[in-house]
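Derivation of every value follows stated rules applied to the coordinates shown; laboratory data play no part. Remember, it's a predicted structure, so these values are computed and weren't measured experimentally.
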Amino acid sequence: MSRLSAGAAALEVRTVDELPSAIRWGGAWHPIQHIALSWQLDLCWWGARVYRDYYKLLAGGMALVIYYDLLTDAWGIQRVYD
């Protein structure tokens, strides 16, 4: 099962070689244990451009999808699996 955020939840992310290495969630840093999948999305959705790098990963015992918005230079959470 997964939960989708109503709006993009802002996220602090540490990176190594431009890949996420840890996320700040619930006031604590969680190392990323595994990146299962990554992909890039570049499209126009309802007249607005979406240009993001997505990562499906395991961090701190959680499975989630995070993204880096290449237009706004910001990280966000797309989905948390429970």
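Annotations
- Size-normalised alpha-carbon gyration radius of the chain, reference 2.2 N^0.38 Å: 1.06
- Length-normalised contact order for the chain - Cα pairs under 8 Å, 6+ apart - percent: 30 percent
- Net length available on complete extension from Trp29 to Cys44 is 2.1 nm, with 0.36 nm assigned per residue and the Cα-Cα distance removed.
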